[in-house]
Structures are given as C-alpha cells and as structure tokens.
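The block underneath contains the structure these notes are about, expressed in structure tokens.
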Amino acid sequence: MAPSTTVPSVTDIQVPETLLKKRKQNEKAREERLAAAVAARKAAHAKRKVIFKRAEAYVKEYLGKEQEEIRLKRAARASGDFYVPAEPKIYFVIRIRGINEIAPKPRKILQLFRLLQINNGVFVKVTRATQQMLRLVEPYVAYGEPNLKSIRELIYKRGYGKVDKQRIPLANNAIIEQKLGKYDILCIEDLVHEIATAGPNFKQASNFLWPFKLSNPTGGWRTRKFKHFVQGGDFGDRESNINKLIRQMN
C-alpha cells in the first residue's frame, strides 16, 4: 500500500473562481476582436470596390470632357468660327507678397482666403464676390485656372487635412472619410473630383484642405515681381499659365 501524502495532486487542486471568470472574459474579448477584424476586412474590401468604380467613372468623365472640347474646337475651325472656352469654375490663388505696407481691407481679404504666409496657396470658387475680392488683393497674389493635372499633383504631393484644428497629412482615405464622409467624399479621388468640378460640396472640401505651403519657383521669380503678369511681372490673373507656376513651386 502506497504511503499517504498531504500534497494534493493536480486533479485535486481547485482553480479559483476569479481566475476562471478572467479566462472566460479574455476568451470572449478575443472572439469579439477576431469577429470585428473579419467584419472590418470585409467592409474595407467592399469600400475598395466602390472607390475603384468611382475612380473609373471619374476617368471616363474627364476623358469625355476633353474629347468634347477637342470636338468643339475642330467644329469651330471647320466652320471658320472661333471656339470660346467656358468660364473658369475655380482659381488657384498663391500669395506672393509679405505683410509690409498692406492696407487693412486687402489684409482682411487675405485672411478670409486663409493666405497668411508667402507662397501659401488655396482653391477658390469663382463667383462675383470672389472676383471682386481678388481684384482688391491683386498686387499681393498670383492666380489662374488650374487644370486637372495641377489639382491632382497638389493634393497628392502637398495635401494636408484640417482635423481638430491640426495639420494632418493625407496618408490614407480614412482621414478624408472621417471628416467628409457625410458629404459622400470617401477617398482622395473624390476630393480631387469635388475640387476640379467645383461640386456642391466644394466649400467643405476646400476648407478641409489646409492651405498649400509651396516652395519658391524653380529659377526664381521674374525680375519685376511686383508688376502685373501681362507687364512682365508676377502678380495678377495668369489664366492657364498658373499651371506652369504650380509646376515650378510644387
């Protein structure tokens, strides 16, 4: 007969109730985490499909507009007429002068445009009010009609969003969806499209974008920087020539 012992065996040891509860809670939390991760993966996959479809639709829309403009130009040339392009819907405005000797009214307008530093740039919707404001601050800014390439390059390369009054880089679409999802702007291509077409939510999209901090143009400014563009200077309305300046500063 084996000698009796007071040391309990493994089967005799009772697991404390608190430990059992903790194990159950941990297992439940782990299962919930796994289920949430699976659901998030499915949602991301579905969202990615939507984003790709939207991007394809935008490309078709841009190509359609381009081809229609080419067709109208050819038709006008064939009939001996002149093709007059549509009025610009948006301007890209760049501040080129500092704060010295600025009158109170232009200073206030530059604040309203959020152009607080030299080489800051913003997108502005073309309205009668904004055109009058731009005339008042013309000696301090260079502006013109940006094309799709310029808009896309600016947002992709120098795009920052305003999140809780902080300047956050647009590293992923989640930042855009978080702030602009309620306006059906889910990704960076939606943002580009809204700006390029001056859509119904242009104001929210433009205000979400932090003013672009650009570099000095490659090769420097012109010799007479503070004369109008048409007089060989840099300030004022450049129309489509703003795209060349954007390339030099981006």
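The values are calculated or read from the model by the stated rules, or taken from the named source; none is laboratory data. Computed from a prediction, not measured in an experiment: that's the story for all the values here. When we count neighbours, we look across all protein chains shown, and the Cβ atoms used for this are built from the backbone with ideal geometry, even at glycine. Heads up: the accessible areas ignore ligands, DNA and RNA and are worked out on the full protein's heavy atoms, side chains in. Shrake-Rupley method; radii C 1.70, N 1.55, O 1.52, S 1.80 Å.
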> Once phi is turned into ³J(HN,Hα) by the Karplus curve 6.51 cos²θ - 1.76 cosθ + 1.60 with θ = phi - 60°, what whole-Hz value does each residue of the range 53-68 show in order, with x for glycine and proline?
Replying inline: 5, 5, 4, 4, 5, 5, 4, 4, 5, 5, 5, x, 5, 4, 5, 5
>> Just to be sure I understand: with springs between alpha-carbon atoms less than 10 Å apart, which residue in Ile13, Ile155, Ile102 has the highest mean-square fluctuation in the Gaussian network model of the chain?
In response: Ile13
>> Quick check: the distance between the Cα centres of the range 74-122 and the range 193-227, to the nearest angstrom?
In response: 9
> What accessible surface, in Å², does a 1.4 Å probe find on Thr127, ignoring ligands, DNA and RNA and rounding to the nearest 10?
Replying inline: 60
> In terms of modelled amide H atoms, which long-range or inter-chain residues lie less than 5 Å from the amide H of His228?
Replying inline: Gly233
> Which value, in debye to the nearest 20, gives the size of the charge dipole of the range 171-240 about its Cα centre, when Lys and Arg are +1 and Asp and Glu are -1 at the Cβ?
Replying inline: 540
>> Please list, ordered by chain and number, the residues whose modelled amide H lies under 5 Å from the amide H of Gly161; skip anything fewer than 5 residues away on the same chain.
In response: Ile168, Leu170, Trp210
> With every protein chain left in place, what is the accessible area of Trp210 in Å² (1.4 Å probe, nearest 10)?
Replying inline: 70
>> Placing +1 on the Cβ of each Lys and Arg and -1 on the Cβ of each Asp and Glu in the chain, which of Ile118, Phe52, Val163 has its Cα farthest towards the positive end of the resulting dipole?
In response: Ile118
> If you place +1 on the Cβ of every Lys and Arg and -1 on the Cβ of every Asp and Glu, how big does the dipole about the Cα centre of the range 26-104 come out, in debye to the nearest 20?
Replying inline: 440
> Which one, [x] 13.0; [y] 18.8; [z] 25.6, gives mean projected area of the Cα convex hull in nm² as derived from the coordinates shown?
Replying inline: [z]
> If Met249, Met133 are ordered by their accessible area, calculated over protein heavy atoms with a 1.4 Å probe, which sequence runs from highest to lowest?
Replying inline: Met133, Met249
>> Show me, for the range 193-210, the HN-Hα J-couplings you get by feeding each phi into the Karplus relation (A = 6.51, B = -1.76, C = 1.60, θ = phi - 60°), rounded to Hz, glycine and proline as x.
In response: 5, 4, 6, 5, 9, 6, x, x, 10, 4, 4, 5, 5, 5, 5, 5, 6, 5
> Can you give the accessible area of Leu63, probe radius 1.4 Å, in Å² rounded to 10?
Replying inline: 90
> Dipole of the chain, Cα-centred, from +1 at each Lys and Arg C-beta and -1 at each Asp and Glu C-beta, to the nearest 20 debye?
Replying inline: 460
> Based on the alpha-carbon gyration tensor of the range 72-150 and its eigenvalue square roots a ≥ b ≥ c, which shape applies: rounded if a/c is under 1.5, prolate if not and a/b is larger than b/c, or oblate?
Replying inline: prolate
